[in-house]
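S.K.: Structure provided below as structure tokens; questions to follow.
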Amino acid sequence: METVKIIECPRDAWQGLKKIIPAEAKAEYLRKLATWGFRHLDAVSFVAPKYVPQMADSEDVLRRLIEVGVIPPRVNGSAPSGSAEAPASDSVRPEIIGIVVNEQGLERALKAPGVTTLGYPYSISAHFRRQNANMSLAESRRLVERIRGATRAAHRNLVVYISMAFGNPFDEPWGPEIVSEAIEWLRKLGVAEISLADTVGMATAKEIGDLFKAVKTLASGAELGVHLHSRPEGAAEKVLAAYEAGCRRFDSALTGLGGCPFAGDELVGNLPTEIVVNALRARGADTGIESSNLQAAIEVTRNIRQQFGD
């Protein structure tokens, strides 16, 4: 049975909600996910509150998770000397991913307790890069180099998302060779986790499978995954296309909440975790998430959507 890594993305999902979720509610939701077997959580981001108000309390959320024993306090990637912290009694401590987009966010993430992995969205679209981070390609690459060195020194992991990996609507040059060049550059830096992002949900299942097949050998020695957006009716087909092309790492969000505002379609959200898990299970893959736990997580997520968004 093939083992597949599911990265649950509440951080991405929460950004799509209209109302601010209190830090205690976020922490409790993450605690429940860890209890239910979600071992990899894209949980927080370190961005300016004026741009993403929902993520203004990331440090507070992490402190609350430490208080309930879901994650340990970390100093330079390790629990403080003499710490008697015991693992959470009802779960294995999950990977906690924190997204950064600039130097200020990097400094916050390195100081934040409990963050095991930093994530950086590296755009191969000049238009999208300027719109989201106001950076040139050279500036973005210097930041990736800085993040790579800092995470290595702090004993943290790093995942780089190649934004617009499957094309973009901005009438810019795009092709597998551009994605390939980005992967080769990241591998030379020693980046060991790379995720291909269909940022605006424009790729077909065939295009997803074809691109993954075309570039996967370039990521040899690294974990290559996908962060896809999709309308609900096309999600399973896209998941299986990536899986059959060799992908064993999938980002998703319960109920499909979230997505990119540039998609211009509110139904083009994140891949619904329930569709990902069920589609992969039908292929005989092991996601590590039990059906009963998945259903419980869906219900809690629906409650949050009703209370703070939809």
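The values are calculated or read from the model by the stated rules, or taken from the named source; none is laboratory data. What you see is a predicted model, and the numbers here were worked out from it, not measured in a lab. Quick reminder, even Gly has a Cβ in these numbers, built from the backbone with ideal geometry, and neighbours come from all protein chains shown.
S.K.: Looking at region 4-36 only, could you name the residues that are free of Cβ contacts under 8 Å to residues at least 40 places away in the same chain and of a type in the set (Val, Ile, Thr)?
M.R.: Once the filter is applied, which keeps residues that are free of Cβ contacts under 8 Å to residues at least 40 places away in the same chain and of a type in the set (Val, Ile, Thr), region 4-36 yields nothing.
S.K.: Could you tell me whether Glu233 is at pLDDT 95 or above, more than 20 Å from Arg39 (Cα to Cα) and more than 15 Å from the chain's Cα centre (by Cα)? Walk me through how you get there before you give the answer.
M.R.: Values: at pLDDT 95 or above: no; more than 20 Å from Arg39 (Cα to Cα): yes; more than 15 Å from the chain's Cα centre (by Cα): yes.
Spelling it out, it is not the case that Glu233 is at pLDDT 95 or above, more than 20 Å from Arg39 (Cα to Cα) and more than 15 Å from the chain's Cα centre (by Cα).
S.K.: Right, another one. Select, from Ile304, Ile275, the only residue that is of a type in the set (A, V, I, L, M, F, W, C) and either without any contact (Cβ under 8 Å) to a residue 12 or more places away in the chain or more than 22 Å from Leu196 (Cα to Cα) (or both). Write out each step before concluding.
M.R.: Working: Ile275 fails: either without any contact (Cβ under 8 Å) to a residue 12 or more places away in the chain or more than 22 Å from Leu196 (Cα to Cα) (or both).
Selected residue: Ile304, the only one of Ile304, Ile275 that is of a type in the set (A, V, I, L, M, F, W, C) and either without any contact (Cβ under 8 Å) to a residue 12 or more places away in the chain or more than 22 Å from Leu196 (Cα to Cα) (or both).
S.K.: Quick one: in region 96-148, of everything that is assigned to a helix (DSSP H, G or I) and touching a Gly at 6+ places or on another chain (Cβ under 7 Å), which residue is nearest to Glu181 (Cα to Cα)?
M.R.: Looking only at region 96-148, we keep the residues that are assigned to a helix (DSSP H, G or I), and these are 103-111, 126-133, 137-148.
Subset that is touching a Gly at 6+ places or on another chain (Cβ under 7 Å): 109, 148.
On the way: Ala109: 28, Arg148: 18 Å.
Only one residue fits best here, namely Arg148.
Residue by residue, here is whether (1) outside any strand (DSSP E or B); (2) touching a His at 6+ places or on another chain (Cβ under 7 Å); (3) in contact (Cβ under 8 Å) with a residue 24 or more places away in the chain holds:
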site	(1), (2), (3)
Val159	no, no, yes
Phe166	yes, no, yes
Glu181	yes, no, no
Glu184	yes, no, yes
Ile194	no, no, yes
Lys206	yes, no, yes
Leu211	yes, no, yes
Leu218	yes, no, yes
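S.K.: Restricting attention to region 168-179, which residues are of a type outside the set (Asp, Glu), touching a helix residue (DSSP H, G or I) at 6+ places or on another chain (Cβ under 8 Å) and assigned to a loop (DSSP other than H, G, I, E, B)? Write out each step before concluding.
M.R.: The first filter runs over region 168-179 and keeps only residues of a type outside the set (Asp, Glu), leaving 168-170, 173-176, 178-179.
Still in the running and touching a helix residue (DSSP H, G or I) at 6+ places or on another chain (Cβ under 8 Å): 168-170, 176, 179.
If the condition is that a residue be of a type outside the set (Asp, Glu), touching a helix residue (DSSP H, G or I) at 6+ places or on another chain (Cβ under 8 Å) and assigned to a loop (DSSP other than H, G, I, E, B), then Asn168, Pro169, Phe170 are the ones that fit.
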